[in-house]
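Visitor: Pasting a structure below so you can have a look.
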Amino acid sequence: MVYNAYHWTDGVSQRQIGYFCYKVLHNNKLAFYYYKKSAEKGNQLAQVRLAGLYLKGEGVEKNDHRSEE
């Protein structure tokens, strides 16, 4: 099945891409990018995962204050 880029712009898909980048590719910076995109669209699970990355300093500079937002 062929998908174009349009199918990957919703918050759920971006969160899933972030999860794939984090768990499979072990690319924390790319995971951060996609979790942030998804979180900005209101995806709550992505917001939780993004907070975890801030808290641990994975893919982004550690920031306890940002993790609480």
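All of the numbers you see were taken from the coordinates with simple rules; none came from a lab. Small disclaimer: the values here were computed from a predicted structure and weren't measured. Quick reminder, even Gly has a Cβ in these numbers, built from the backbone with ideal geometry, and neighbours come from all protein chains shown.
Visitor: Hey, with R₀ at 25 Å, roughly what FRET efficiency would residue 45 and residue 9 work out to, going by the Cβ-Cβ distance, to 0.05? Working shown, then result.
Guide: Details: r = 17 Å, r/R0 = 0.69.
After rounding to 0.05, the efficiency reads 0.90.
Visitor: Which length gain, in nm to one decimal place, applies between residue 61 and residue 29 when the Cα-Cα distance is subtracted from 0.36 nm times their residue separation? Intermediate results must be reported in sequence, preceding the final value.
Guide: Details: separation 32, 0.36 × 32 = 11.52 nm, distance 1.03 nm.
Computed gain between residue 61 and residue 29 is 10.5 nm.
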